[in-house]
1. Set Lys and Arg Cβ to +1 and Asp and Glu Cβ to -1, take the dipole of the chain about its Cα centre, and tell me which of L195, L28, P154 lies farthest positive.
2. Cα-Cα over 19 Å: which of K77/K103; K117/K191; K157/K193; K130/K188; K91/K117?
3. Determine the calculated [θ] at 222 nm for the chain from helices alone, applying -39500 (n - 2.57) to every DSSP H run no shorter than 4 residues and normalising by the residue count; nearest 500 deg cm²/dmol.
4. Looking at the chain, what % of its DSSP beta bridges pair antiparallel, to the nearest 5?
5. Fully extended, how many nm does the chain gain between H114 and L32 (0.36 nm per residue separation, minus their Cα-Cα distance)?
6. Please work out whether the chain counts as rounded, prolate or oblate from its C-alpha gyration tensor, where a ≥ b ≥ c are the square roots of the eigenvalues and a/c under 1.5 means rounded, while otherwise a/b larger than b/c means prolate and anything else oblate?
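None of the figures in this text is laboratory data; all of them are computed from the coordinates on show. Being a predicted model, the structure only gives us computed values, none of them experimental. Note that we place each Cβ from the backbone using ideal geometry, even for glycine, and neighbour counts take in every protein chain shown.
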Amino acid sequence: MHCSIQLIKLKNMKYSNSELIVERYFRLLHYLVEKDVPILPPSGKKFWSDLDILAVGDEVLLISCKDYLPSGKDIDKVISNLEDSEQYIKKEFKHLKEKPFKKMYVYGGGTGEHVLKILEAKGIEPIEIKDLFALYLKELDKFLVNMNDGKSIPKGKRYTIIGEQEGLDKFCSFLLNNNFFNDSAINKLLKKKNLELSIPR
């Protein structure tokens, strides 16, 4: 019975917007992505936790995701979780040990500038979800533009085919192709990286 209750809880687990976007973005960049990786704490700590996103490519990304920017007290838990995650993964996944590791915190907004400074001082890169979402849309757009290279694009559209997309990618492909996004707002965010969306025909 206890096992059944646990399975129901896992089945009904809700992912945050930031986790969903982080997962899709790094998959588009050809990272292997695993969500909710169980992390056994180092000796001296009582409870196990989990890492929101583990993404493996040329480097190993340890990513904590929240739809908000927490208080100073809560950010200590984020920092501790990421530090524990790095120790655990280097110990248990020895084939990853030689790759460079990078810790990231993706958040949904807030005004805690002091919290961002705390993260950066600990070697954790903070990224606001709206900036990452803009980068995700650019990667999806680039993927679709490449897929449609040499194809005849209907007037007012970006693409003539979108392929076998699923979930968020499929939905955002539809929005991009039918000009439901505010391109100028997205391009304003992308400008920080000298990027912009493709232009509809």
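1. Of the listed residues, the answer is P154.
2. Long pairs (Cα-Cα over 19 Å): K117/K191; K157/K193; K91/K117.
3. Using -39500 (n - 2.57) per qualifying helix, the result is -14000 deg cm²/dmol.
4. For the chain, the DSSP antiparallel bridge percentage is about 50.
5. Stretched fully, the H114-L32 segment lengthens by 26.3 nm.
6. Here the chain falls in the prolate category.
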